[in-house]
Each structure stands twice: as C-alpha cells, then as structure tokens.
Amino acid sequence: MSTHTEHQAPQGREPLDVNDPRLSRFEIMQEGARRDDIEIVHYEPQVVPGTKAERRLTRLVASMFLLTGLAATAFLVIYIWWPWKWEAGRGGDKYYTPLLGLTLGLALLGIGFGILTWGKKLLPKEVSIQDRHDQPGSPEDRKITGETMLFLADEMGVRRRPLLGISLLAGLAPVGAVAAAPLVGGLISNPHKNNQMFTTGFAPAEGKRIRLVREDGRPIRPADVSAGGQLTVFPGIEEGVSNKHADSPTLLIHLREDDAQASREANSRVGHGDYMWGNYAAFSKICTHAGCPASLYEQQTNRLLCPCHQSQFLITDNARPVFGPASRRLPQLPIEVDEEGFFVAKSDYTETIGPDFWERP
Ligand code: FES
C-alpha cells in the first residue's frame, strides 16, 4: 500500500493560483485546509485503486446497499399487500407487524453497515491538526472549499467505483419510499371505510330497527325483566351474539319507579331524554376504561361495576363513572318496543363504544 503523502506544515500563507493546471486537486484541498489552519500531517489510502482488495470491499459495500433496497422494497410490498386484518382460520395477519419490523430493521442495518464499511475500509486514513478561527471565508477560500468537496467525492470513489453509487441509489430510493409509505398509504386507503369502530350490531339494517335478543337469540318483551332486574342483550342479527359483534353486548335494566325518574332526569341533562322506554334503560357493557365487560350490577345502589379495575358507573346518572379509572360514561342505547311487543334499538349507539383510541370523535 502506498503512502500518498507525509507533510510538514509550511510557515505562513502563500498565494495560490487555483486555476493552475499543474496543481492537483489534492494540493488545492491541502492548501485550503492550511488556510483554515488545518494541517494534514498524514494521508494514506487504505486500499490501492484497482486491486482485488478494493473490488472485494466495493462488492461488500454494494451488497449491503442492495440488501437495504431489497428489504425496503419488501417492506413496501408487505405494507401494501400483506393481509393485516384478522380473519378466522387464516393467521397470516399475525406476521404483518413482525415482518414490517424485520424488513425495516434489515434496511436500516444494511445502510448503516454499508456506510460504516465504506468509511472505515475504503476511504483514505487521514490525520489532521486544526486551529479553529471565526473569520468569514473569502471568495477564494470558498472556491477552495468547493474543490475540497469535489476532491472528497473523488476520494470516496463514486466516479471510479460506479457500482457503489448505483447500489447506494438503489438502496436509498426504496428507503425514501418507506418513509413516505404511511403518509401515502393513509391517503390511498380511507381508514374509516366500513370502520367497525364506529358502528355496532345495533345499527339499523336496510332501514329496519334491530331487536334486542338473549344469548340464545330469543327476542325480549318488557315483561321478561322484572323491576330491579337486568339482562344482557345482543343485536338480533346473524352472528349478533358472536365475537364478530364483540362491541355490542348491552345491559338492559328495568329500573324501579323512583330510580327510573332520576334516570330520566339525568338523561335529559345529556340530551338522551328519549333513550329510555318506560322504566327500561340500556347501556353498553364495554367498559370505557380498557374494554372489559362491566357486568356486576348492584340493584340497591344502581351501580354497575367493572371487575377489571373496579370502575363503577352510576346508572341513574346516565352511567357516569363514580369510582375507579374510567373517565367516560357508558354509552346509552336508545330503545323502544316494536309493534309485536319486543324491544328494539331506535338507532345504533350515538357514541363510540369502549375505551379511547386515537381517532375517537
Ligand atoms: S376495564 Fe373496566 S375498570 Fe378497567
């Protein structure tokens, strides 16, 4: 391996004709460094240009950049086409997030190791000594700086090693696309289209109100729930009792006369004046804290307890949280009785069910 130069620092600044064709780019760069009070005392290429070692290192760095490009492209393909929604019996959705993490990790590792290897193995070793100064640079100094940058570009070998430049471009372009993917993806696909988060099984289907049914699918008449009693009900639709409509379980409560009166007044205060039918009220069972089923109803106090973290909701005050970590009321389902005497939902819930999430209205 040849040593490019071992230099001694000259005394003082000498005039320099930067257009002199006899001056090499290195000499101009070196003079520029001196004018910035930087003395390059040792400058030595690590690999001899054109040797096997250089080609081997170039291929190694290029393969890392290409790995970056492949991994970033795989990220994009998975982000766009991999099935991410849960569907019974499929299971591929569970690999969606790990695959995104794996491909993005590989892309970042590839580019990190590629740049490190390039810098540590292919760039010349340099030892410089610098005194800092705060003066603005002259036009000549700026020209010298430009030549310095070009010299560095030459030394990095992009022109002489086009494979590195091409592979770096091939590796970085998909990484740029990866950075843009979530933004562009959000524009292409409407995240609220058919969004289950905002509807339950009680949403009227083809204009028809949905009945409240028991777990076995039987509809419910008012006489089926005695005063002070309660019943867990589901939407009377196909699969309304299944996990497909896991946000729909509702507690139908038959309040005693006094409690019903208090409840009606509380409902009116929050704009739910017509949500009850007679002395019957229906509230979502999905706790607004973390989504557990709030199902322990204490009929003497009219409190509904969630067993997970002990939140309590006062039914006669429009299911206001009165204890525990929950901070939002349980949504109320507007109910009435249809022509055949069975309970139906007047409409879907008018608030979003369950705990908070980022797009909750
Ligand atoms: S989920 Fe109900 S209190 Fe936490």
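The values are calculated or read from the model by the stated rules, or taken from the named source; none is laboratory data. All values reported here derive from a predicted model rather than from experimental measurement. Positions of Cβ are backbone-derived with ideal geometry, glycine not excepted, and every protein chain shown enters the neighbour counts. Keep in mind that these areas ignore ligands, DNA and RNA; they rest on the heavy atoms of the full protein, side chains included. Shrake-Rupley method; radii C 1.70, N 1.55, O 1.52, S 1.80 Å.
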(request) Quick one: of LYS208/LYS244; LYS85/LYS208; LYS285/LYS346; LYS121/LYS143; LYS94/LYS244; LYS52/LYS143, which pairs are farther than 26 Å apart, Cα to Cα? (result) LYS85/LYS208; LYS121/LYS143; LYS52/LYS143
(request) Taking the Cα centre of the chain as origin, sum charge times position over the Cβ atoms of Lys and Arg (+1) and Asp and Glu (-1), and report the length of that vector in debye to the nearest 20. (result) 940
(request) Leaving out ligands and nucleic acids, note down the accessible area per residue over region 132-190 with a 1.4 angstrom probe, in whole Å². (result) 66
(request) Between THR350 and LEU109, with labels modelled 7 Å along Cα→Cβ, what's the label distance in nm to one decimal, could you check? (result) 5.5
(message) Skipping prolines and chain starts, which residues have an amide H placed within reach, meaning under 5 Å, of the one on VAL337, given they are 5 or more residues away or on another chain?
(response) VAL344
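When the accessible area of the chain is computed with all protein chains present and a 1.4 Å probe, what percentage of it is carbon and sulfur? Working shown, then result.
Details: 11960 of 20660 Å².
So the carbon and sulfur contribution to the accessible surface is 58 percent.
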(request) Consider just the alpha-carbon atoms of region 300-361 and return their Rg together with their Dmax, both in angstrom. (result) 14.1, 41
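If packing is taken as the average number of other Cβ atoms within 10 Å across a peptide's residues, how do 322-333, 35-46 rank, most packed first? Walk me through the numbers on the way to the answer.
Numbers: 322-333: 19.4, 35-46: 16.2.
Put in order of decreasing packing, that is 322-333, 35-46.
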(request) Give the residue from LEU152, SER24, ILE78 lying farthest towards the positive end of the charge dipole for the chain; charges sit on Cβ (+1 for Lys and Arg, -1 for Asp and Glu) and the dipole is referred to the Cα centre. (result) ILE78
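Would you mind counting up the charge near ARG329? Only other residues with Cβ under 10 Å from its Cβ, with Lys and Arg at +1 and Asp and Glu at -1. Before the final figure, lay out the partial values.
Working: positive: ARG320, ARG328; negative: ASP317, GLU351.
Spelling it out: positives minus negatives among the neighbours equals 0.
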(request) Principal axes first, then extents: for the Cα atoms of the chain, list largest minus smallest coordinate on each axis, whole Å, largest first. (result) 106, 47, 34
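Go ahead and estimate [θ] at 222 nm for the chain from helices alone: -39,500 (n - 2.57) per DSSP H run with n ≥ 4, summed, over the residue count, rounded to 500. Could the numbers behind the result be given before it?
Details: 6 runs with 121 residues, N = 361.
My calculation for the chain gives -11500 deg cm²/dmol from helical runs alone.
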(message) 5 Å is the cut-off here: which amide hydrogens, built 1.01 Å from N in the peptide plane, fall below it relative to TYR297, excluding neighbours closer than 5 in sequence?
(response) LEU305
(message) Between LYS52 and ASP20, what's the calculated FRET efficiency when r is the beta-carbon distance and R0 is 35 Å? Round to 0.05.
(response) 0.45
(message) Just to confirm a number: summing +1 for Lys and Arg and -1 for Asp and Glu over residues other than ARG360 whose beta-carbon lies under 11 angstrom from that of ARG360, what do you get?
(response) -2
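Quick one: net charge of ALA319's neighbours, Cβ under 12 Å, K/R +1, D/E -1? Numbers along the way, then the final one.
Details: positive: LYS285, ARG303, ARG320, ARG328, ARG329; negative: ASP317, GLU351.
Value of the local net charge: +3.
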